[in-house]
Amino acid sequence: MKTTKMKAGIQFPLVKTMLLTDQAIDPSKTKNDHWRMFVVYRGAHCPMCTKMLKELKEMHSDFEKAGVEILAVSADSKEKAKRHAVEECGVEFDVAYDLSVEDMKTLGTYISDPMDATETDRVFSEPAVFLINESGKMQIVDISNNPFSRPDFKTLLKGINYIRENNYPIRGRHEY
């Protein structure tokens, strides 16, 4: 298995992202010098993802105050993503659907097959969070291979505020 490790500080790659509103969006482009938190989640079959989306819903205004737009995406179909994210979790931030295996590879996320037909109907990405700065570069990269390892969003928000207030550099760029 060959995976591409995403490097902090590079331009966020072009991934085909379609919002539930049927609007195509380039995740690296934001409004008003805002940053974007591109959250890849496993899908509606994952109880940890439900918990995470509800937590992000509660923190949405805090991230907005920090100048961070949230965009969550999964491999789920449009119908499943809408039912889960909007109707079940009540999110009001942007949600995208049908993340392709090719885009998962481009992002360097871990990709899983369903354990059986009752889990879900397609391959899916394990969780990842990419914080994209106003220049479209990856400020923070967090990629997991399982549903149980995710960033603490309260800590992440504090870190984002610190980075922005102190012009803290992008870390993890040593070449090896």
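The values are calculated or read from the model by the stated rules, or taken from the named source; none is laboratory data. The shown structure was predicted, so the numbers you read here are calculated from the model rather than taken from an experiment. Positions of Cβ are generated from backbone atoms using ideal geometry, with glycine treated the same way; all protein chains shown enter the neighbour counts.
A few points about this structure:
- Top-ranked residue in segment 58-93 [being of a type in the set (K, R) and in contact with a strand residue (DSSP E or B) (Cβ under 9 Å, 6 or more places away or on another chain); ranked as surrounded by the most Cβ atoms within 10 Å (Cβ to Cβ)]: K80
- The set of residues in segment 116-153 that are over 22 Å from R83 (Cα atoms), part of a loop (DSSP other than H, G, I, E, B) and over 12 Å from the mean Cα position of the chain (by Cα) comprises N133, E134, S135, G136, N145, N146, F148, S149, D152.
- Count of segment 61-104 residues, restricted to those that are more than 20 Å from A44 (Cα to Cα), in a helix (DSSP H, G or I) and of a type outside the set (D, E), is 3.
- V15, sole failed condition from (1) exposed (fewer than 13 other Cβ atoms within 10 Å of the Cβ); (2) modelled with pLDDT under 95: (1)
- The C-beta contact set for segment 132-154 (first residue among the basic types (K, R), second residue loosely packed, with under 13 Cβ neighbours inside 10 Å, distance under 6 angstrom, 6+ apart or interchain) comprises K137/Q11.
- Flag for K137 being at pLDDT 95 or above and over 23 Å from K31 (Cβ atoms): no
- Of the numbered criteria (1) over 22 Å from A24 (Cβ atoms); (2) exposed (fewer than 14 other Cβ atoms within 10 Å of the Cβ), the one R150 fails is (2).
- Test: R173 is touching a residue at least 12 places away in the same chain (Cβ under 8 Å) and in a loop (DSSP other than H, G, I, E, B): yes
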